C-alpha cells in the first residue's frame, strides 16, 4: 500500500478517520499525514529555521501522533492536536540545541508572483531576517508568535497547546513582537 | 495607567476597536507601542517558509508511512533485529553447524564452502585498511549465499521441533552487525575444519 492509495478513507469525516487509523485501516494514517504535512512542516521550519531539521521534526511529529492515537479524545481537531505535538517536539529540540538557521542562498523552490528580480531578492532577504530573528526568541514566545501569526490559532487554543492561559499567551505574543522589533531594528 | 500587554495585542490584532481604549487618545507612549506592534506583526506575517522541492512531500509521506509500518504489531522483520543482535549470532551458528555437517559430507560440490575454506584472494587483499568497507560487503554476500545454501539443506520441521527457525537463517545474516559477522565467520571456519578432518 503506497501513501497515495488512501481509497475510501478519503470520504471519512475526522472522527471516522481517527477510528480508521486505530483500526489500522489501509491508507487512513497516510491520509492524515497528507492533509497536515505542509502545516506541520511549516510550523517546524519556523521554529528551527532550516529544512533538514524541519523535515526530521515533521517525521517525528507524525510518528508520535501515530503512537498517541489511542489517547486522542477528539476534544480538539486533528490539526490542533498535531500542532500541540509539533510544538512540544520543537520545544524539546530547541532546548536541546541551538538550531542552525538556513542561509539565504540555500532556499528552495520559489513562487515568483510576478515580481522583479530585485523585489524578489528584497523580499527573500526580509523574510530570512525575520525568520532568523524569530529563531532567537525564547521558546515559549516563539511558539506563541508562530501559532498566532502563521497558524491562525486563537489565544485559547494556543493556551491549550502550551498548557498556559490566554492571558499568558497574549503576554508572550506581546513580548515576542517587542523582541522581534528590537532584533530587526531599522528593517521595520 | 498604561494599556496592558493583552490590551495592546487585542488592539493590534483588531480584536477590539481603538474606541474601546480611550486611554490611547491621551497617551503618546501607548500609541507608539501600538503602532510598533502593528508594524512588527505585518513584517512577521510576510515572512514565508521557503517551499521545498515538490518531491519532498511524497518523500516525507513515504518516510512516515515506513516508520509507522515498522511500529505496527506483527509488522516488519525489523522487530526481530534486537533478537538477532543479542542472541542471533549464537542461534544462527547452532543452525548453521547442523547444516555444515550435512553440507560438508554431501557428495555434491559446494562452491560457497570451498570459497570460504580457501579464503579467496580478493577478501584477503581487501582486509587491508583501504578496502575494509568493500571487504565487509563482500564478506556479507559470501556468508549470505553460504548460509542460504546450508539452510536449504536443513529439515525445517526437525529444526522447528528443536525450537529453531531455520528458514530465516539467511535473513538473519542480513541483519547481523559487523562484529557478529566476524564471529560467525570464525565459528563456521572452525566447524568446517573440524568436519572436514
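The values are calculated or read from the model by the stated rules, or taken from the named source; none is laboratory data. Please read these numbers as outputs of a predicted model, since none were measured by experiment. So basically every Cβ, Gly included, is an ideal-geometry build from the backbone, and we count neighbours across all protein chains shown.
In summary, residue A:174 fulfils each of the numbered conditions (1) modelled with pLDDT under 80; (2) within 8 Å of chain B (Cβ to nearest Cβ); (3) outside any loop (DSSP other than H, G, I, E, B) with the single exception of condition (1).
Take residue A:148 and tell me if it is closer than 18 Å to residue B:42 by Cβ and at pLDDT 85 or above.
So residue A:148 fits the description; yes.
Among the residues of region A:147-171, those that are over 17 Å from residue B:33 (Cα atoms), at the interface with chain B (Cβ under 10 Å from one of its Cβ atoms) and buried (at least 22 other Cβ atoms within 10 Å of the Cβ) comprise A:148, A:155, A:169. Would you tally the residues in region A:52-68 being more than 17 Å from residue B:62 (Cα to Cα) and crowded, with 18+ Cβ neighbours inside 10 Å? Adding up the residues that qualify gives 1. Residues in region A:61-90 that are under 15 Å from residue A:16 (Cα atoms) and within 14 Å of chain B (Cβ to nearest Cβ): A:69, A:70.
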